[in-house]
Structure formats: C-alpha cells, structure tokens
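Undergrad: Quick one: this structure, given as structure tokens, is what I'll be asking you about.
The values are calculated or read from the model by the stated rules, or taken from the named source; none is laboratory data. Bear in mind the structure is a predicted one, so any value in this text is a computation, not a measurement. All Cβ positions, even for glycine, are placed from backbone atoms using ideal geometry, and neighbour counts span all protein chains on display.
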Amino acid sequence: MREYLIELGQEPLTFVHSARLEDEPKQIAKDMRSLLRLPELWASKNKTWTEALKNLEIATDNAGIIVTVNGVVGNSTSRKLDPYEFRGFVLIDEFAPLIFINGADGKAAQMFTLAHELAHVWLGSSAIFDLKDLQPAKDETEQACNLVAAEFLVPEAEFHKIWANIQKDPDRFQKIARHFKVSEIVAARRALDLKGITRDEFLKFYRDYTKDWATPTNKKPGGDFYANQPFRIGRRFGESVVRATREGKLLYRDAYRLTGLYGKTFEKFAENLGLGGL
C-alpha cells in the first residue's frame, strides 16, 4: 500500500507523529477532531453507538488512515477473535497507517479502541491494545493514549456539566455512556480520572459490571456480507486494490489473496465500493 501511494505521488500524512508525549491530551484530542472534521460533541449527536462508531471509522478512513474491523480469523466465523486477548492494534506508516479493531468486541468498546489507536498515530507509535482491567498502563505512551482517547470521546468540560446533575443517580454511568456513545466501563473510568468517584467506587462498579462478561452467548454473526466488507478489509485499502487491479498493476490472484474475496464475490465488492464492475 505504501509503495502504491508513493507511486501515485501522494505526500506523507503530516499528522502522523505530529504530537509528543509531553503535549497536553486536550490539545492532541482537539487536533484529532479538527483533522477528522468532527465537532467536539460529535458522538452525542449520533442516535446509537453503532452509528457513532461507523461515522468515526468513515472520518478516519477519509483522513488517509486504513481502518479494518473483523471479529473472526479471515472469513471463518467459527474462529472468533477474543477481545480478552486484544482489542486492536495500530501499525504506523507516514503514508498508510493502519488500525485494526477487534469486531468481536462491543460497539462502545470498539469506539474507545479506535480513539486510542488514533492517539498512537498522532504520537507515531505502533502497538497492540488490550486495556486490561481498564487500569492505567505502566507504559508512558499507553498512558498518554488513554488520556487522549478519553478526552477525544468524553471532553472534560462537557462531562462536568452532565455529572453535576446525575452524580447521585444509580444509573449515572449508563447515562454518561449513552450520551457520549462509550461503554459504561469507560464512563466509570472517566469519572474516576476526573475525580467524580473514588477508586473504591470504581473498582466495585468494575467488578459488578464484568461479572457478566464470561457468560457465553449464542448470538450468531449476521448483517449484510457485502456491506461489512469495506470495514473488514478497510475501504481505503479495498479501493486501492480494486483500482490497481483494474489498471493492470496488480494480478487478480494477488487481489483475491489480499482481500480474501474471489471471483464474482470480488467483483460485487468492487461494485459496492462504487467502482463498477471489473
């Protein structure tokens, strides 16, 4: 992908490694929103977590970052990726940075993962993200990315406005989560970081909340196969593969291998990207 973009004459993405660890998280988050063309309270304007996540993925893709979302190994629905093992990762490149999100995770959790990996792009640091127990990581870069992601999704000023009216409400974390389109656990962690609750209160909520995580689910993967492919493969990457194939710069066998789509399925994928039949 890097070589292909260089061949097309694309310039390096200036925002990659544009921030430093000593920069204020609020400023980095502001810069991220500005480049992605998102207003400060963009998430709250969406009706659902799914809608907010989709819009963030599109904005990220439009900025030149490849975003792929998949909850299984390849196309094998029987081999699910375990969110306990990892929630996502980022590969830094000044021409084609790539963010992978574990689609087996909850939508609200995916939102924080994407924001966290975006912070890595700004700091210019590749990494795997698991957010174990939602506790502050020992690594300085991970700590910085968590702070930036939290501010990006739950701006401090807006949090305090809402928290003042609901801090005694038994459903306070759920209300924060619904407003900002984050998970309840992220809402509780933000309340802790901004001194809205004590550490003991957070740990109690965390233990109660995660009791249900180990409960097996019989929910089967679904949705429109072709509608999901741009997110599984990455729209930016998929479009580049289709165009390179059409221009004769890439063999069909290589395009099939890169996308995991073959024959008429690959052609249908190209049509759904708005690139017409091959």
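Undergrad: Tell me which residues, restricted to segment 35-46, are within 17 Å of the chain's Cα centre (by Cα) and assigned to a helix (DSSP H, G or I).
TA: Of everything in segment 35-46, those that are within 17 Å of the chain's Cα centre (by Cα) and assigned to a helix (DSSP H, G or I) turn out to be 35, 43, 44.
Undergrad: Taking into account only those residues within segment 1-19 that are in a loop (DSSP other than H, G, I, E, B) and over 21 Å from the mean Cα position of the chain (by Cα), which is nearest to residue 96 (Cα to Cα)?
TA: 12
Undergrad: A further question follows. What tally of residues in segment 40-70 results from selecting those that are modelled with pLDDT under 85 and more than 24 Å from residue 180 (Cα to Cα)?
TA: 0
Undergrad: Here is a follow-up. Looking at segment 87-105, which of the residues that are part of a loop (DSSP other than H, G, I, E, B) and crowded, with 20+ Cβ neighbours inside 10 Å is farthest from the chain's Cα centre (by Cα)?
TA: 96
Undergrad: If you go through segment 146-165 one residue at a time, do you hit one that is modelled with pLDDT of 90 or more and part of a loop (DSSP other than H, G, I, E, B)?
TA: yes
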